[in-house]
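**Student:** Here's a structure for you.
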Amino acid sequence: MFTKSIFVVTFILNKVTLDNASEESKRYIDREYELSEGYPLDSLPNFTELAAKYGYPSEEHTVVTEDGYILTIFRIVRGKKCQGPIRSPPVLLMHGLLMSSDAWLDSGPESGLAYLISNACYDLWAGNVRGNYYGKRHRTLNPETDIDFWQFTVNEIGSFDMPAVIDYILNYTSSAKINYIGYSQGASTYFIMCSERKGYCDKVQVLIGLGPDSRNTYLKSVFSRLVVEAYQDLYPALTEVGFYEALPRGGIVQQTVAFICQNFVIADTFCRTLLSMIDSPHPGSIETQTLRVLFDHFPAGTSVKNLVWYSQSLNVDDFQHFDYGTRANMELYGSLKPPSFNLSATTTPTVVISGKNDFLTVPADEEWLTSHLPNVLEHYIVQDSLWNHIDIAYSKLTSKDILPKILEYLLKYSDETDV
Ligand SMILES: *[C@@H]1O[C@H](CO)[C@@H](O)[C@H](O)[C@H]1NC(C)=O
Ligand SMILES: *[C@@H]1O[C@H](CO)[C@@H](O)[C@H](O)[C@H]1NC(C)=O
Ligand SMILES: *[C@@H]1O[C@H](CO)[C@@H](O)[C@H](O)[C@H]1NC(C)=O
């Protein structure tokens, strides 16, 4: 309770600080606004610029969802080290909660999965979802002023963003199928798509889940539990004061950690500890340089409602819809309890890759997930016993610990036809 009170105070301070934002943070907020209006964000390099820096030209694409959200996604057609023909079908990499496509670049060209997979001659797409800084535009709603923009959780991401991005890639590349790699929420939203949108998972040849999320019953990180529970406790108060967006880039939290973590010594100490609190410690896994840049892109923003969904998921032993309370549930779902997502509907051949030291998608929940998925080709447990959740995006060991397994299945489900 004491720790929660601290969060309450922090939130109020954040709100007050934002309302009386300093010139510096106002400039950030203006920049966020410019970005949402389609202007380039000039302060920090975006996906295209970052990849270009290391010799990977990329393309930017705009996807519009059925419900009007405008998402910017990226594509590396040919990795710098790819010699032969490009294999088909295209591969879509989908980031996790509070992240963006840029997470796949943060650990640099030797370890970032966008580089490594494109180097293996795959047509690599990096998606983004509603609510992060590449997904903060809408046909009719203004994220700054329309609260309806923020009325979403993983349910809408899975039901609308995933199908739109997949359809866009299929159409653009004239492919019949894609291969899909989902990290954490990037996998749970895939399961939701299969559950809620009949037929969509037939468009994917193989699904590779990296620390795939579903239920979160045994989530072990005390710090992460506190953060999402604080959002749930404060949900009524936050909405009352018009606070619907959680942890945006350019917000006070991201801005502060990005600023202090630029310092090498602080990055190596405080920022390293912060990440191990969010997940678990894994000494020697993340380069200090990665710690210095990743907080430019993390947290990347989502809706408060989405974090409340995560908080709810800590207290149930199932993977289910948002809980609105018995009366509203009855009206909306026709049952007192929210219905479960149908994991049996994920008929795509599935590979699950998970870590023993993952404090977010923990072994017990990953076992539960694989026992409910109907078409698991392999559940691969990373040999490194300290492998955790954030390692998937940021570790310098990806090419040794998870890439071979990813490439094994991509190869099995691909053809060598040049595009
Ligand atoms: C990314 O940077 C490129 C090059 O400066 C720019 O053309 C593009 O509009 C930017 N895209 C986004 C989404 O910021
Ligand atoms: C499919 O792609 C073509 C050209 O690449 C474009 O003109 C068309 O609008 C796209 N259709 C959809 C439904 O996105
Ligand atoms: C779940 O999906 C499977 C496969 O599509 C289907 O056979 C089953 O009836 C569904 N279950 C429910 C409860 O809808």
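**Student:** Which semi-axes, in whole Å and largest first, does the equivalent ellipsoid of region 2-416 have when worked out from the alpha carbon gyration tensor as the square roots of 5 times its eigenvalues? Walk me through the numbers before you get to the answer.
**Tutor:** Details: eigenvalues 170, 130, 99 Å².
Gyration-tensor ellipsoid for region 2-416: 29, 26, 22 Å.
**Student:** Between Val241 and Lys412, what FRET efficiency follows from the Cβ-Cβ distance if R0 is 45 Å, with the result rounded to 0.05?
**Tutor:** Working: r = 52 Å, r/R0 = 1.15.
Computed FRET efficiency for Val241 and Lys412: 0.30.
**Student:** Follow-up. Could you state the number of Å between the C-alpha centres of region 129-163 and region 108-126?
**Tutor:** One Cα centre to the other: 27 Å.
**Student:** Mind checking which aspartates and glutamates have their Cα closer than 12 Å to the Cα of Lys177? Skip sequence neighbours fewer than 8 apart in that chain.
**Tutor:** Lys177 reaches Asp167, Asp202, Asp415.
**Student:** Quick one: Lys412, Lys198, Lys203, fewest Cβ neighbours within 10 Å first, how do they rank? Could the numbers behind the result be given before it?
**Tutor:** Numbers: Lys412 13, Lys198 10, Lys203 19.
Exposure proxy ranking, most exposed first: Lys198, Lys412, Lys203.
**Student:** Something else now. Working out 0.36 nm times the residue gap between Leu332 and Asp202, then minus their Cα-Cα distance, what length gain in nm do you get to one decimal? Numbers along the way, then the final one.
**Tutor:** Numbers: separation 130, 0.36 × 130 = 46.80 nm, distance 2.84 nm.
That pair, Leu332 and Asp202, stretches by 44.0 nm at full extension.
**Student:** Something else now. Round to the nearest 0.05 the FRET efficiency obtained for Met277 and Glu110 when R0 = 30 Å and r is the Cβ-Cβ distance. Don't skip to the answer; put the middle values down first.
**Tutor:** On the way: r = 26 Å, r/R0 = 0.88.
With a Förster radius of 30 Å, E is 0.70.
**Student:** Which lysines, on any chain, are close to Lys53 with Cα under 27 Å apart, when same-chain ones fewer than 8 places away are left out?
**Tutor:** Cross-link targets: Lys80, Lys81, Lys136, Lys396, Lys400.
**Student:** Further, regarding this structure: May I ask you to list the lysines whose Cα is less than 20 Å away from that of Lys220, ignoring any residue fewer than eight positions away on the same chain?
**Tutor:** Within the straight-line limit of under 20 Å, Lys220 reaches these lysines: Lys4, Lys356.
**Student:** Along region 266-278, what does the Karplus equation 6.51 cos²θ - 1.76 cosθ + 1.60 (θ = phi - 60°) give for ³J(HN,Hα), rounded to whole Hz, x for Gly and Pro?
**Tutor:** Values, residue by residue: 5, 4, 6, 10, 4, 6, 5, 5, 4, 5, 5, 6, 5 Hz.
**Student:** Further question: Return His297, His138 ranked ascending by Cβ neighbour count within 10 Å, so the fewest neighbours appear first. Don't jump to the answer; show the numbers that get you there.
**Tutor:** Details: His297 27, His138 19.
So the residues, fewest neighbours to most, are His138, His297.
**Student:** Taking a ≥ b ≥ c as the square roots of the eigenvalues of the Cα gyration tensor of region 94-219, is the shape rounded (a/c under 1.5), prolate (a/b larger than b/c) or oblate?
**Tutor:** rounded
**Student:** Is the C-alpha gyration tensor of region 203-355 telling us rounded, prolate or oblate? Criteria: a/c under 1.5 is rounded; beyond that, a/b larger than b/c is prolate, otherwise oblate.
**Tutor:** Values: a/c = 2.31, a/b = 1.38, b/c = 1.68.
Taking the square roots of the gyration eigenvalues as a ≥ b ≥ c, region 203-355 is oblate.
**Student:** Let me ask another. Using θ = phi - 60° and the Karplus curve 6.51 cos²θ - 1.76 cosθ + 1.60, what whole-Hz ³J(HN,Hα) does each residue of region 301-317 get, with Gly and Pro shown as x?
**Tutor:** Listing the rounded values in order: x, 7, 8, 4, 4, 5, 5, 5, 4, 4, 4, 4, 5, 6, 10, 10, 9 Hz.
**Student:** So how do Tyr413, Tyr324, Tyr122 line up by other beta-carbon neighbours within 10 Å, fewest first?
**Tutor:** Values: Tyr413 20, Tyr324 13, Tyr122 28.
Taking fewest neighbouring Cβ atoms as first place, the list is Tyr324, Tyr413, Tyr122.
**Student:** Sticking with the crude label model, points 7 Å out along Cα→Cβ, report the distance from Thr269 to Gln383 in nm, one decimal please.
**Tutor:** The two pseudo-label positions are separated by 3.6 nm.
**Student:** Pairs of Cα atoms under 8 Å, at least six residues apart: use those to get the relative contact order of the chain, whole percent. Can you show the working numbers first?
**Tutor:** Working: 856 pairs, mean separation 82.6, N = 419.
The normalised contact order for the chain reaches 20 percent.
**Student:** Between Met330, Met99, Met277, find the one with the highest GNM mean-square fluctuation for the chain; connect C-alpha pairs within less than 10 Å.
**Tutor:** Checking each option, the largest mean-square fluctuation is seen for Met330.
The numbers here are math on the coordinates, done by the rules we state, and not lab data. Keep in mind the model is a prediction, meaning the values are calculated, not measured. Note: ideal-geometry Cβ built from the backbone for every residue, glycine included; neighbour counts use all protein chains shown.
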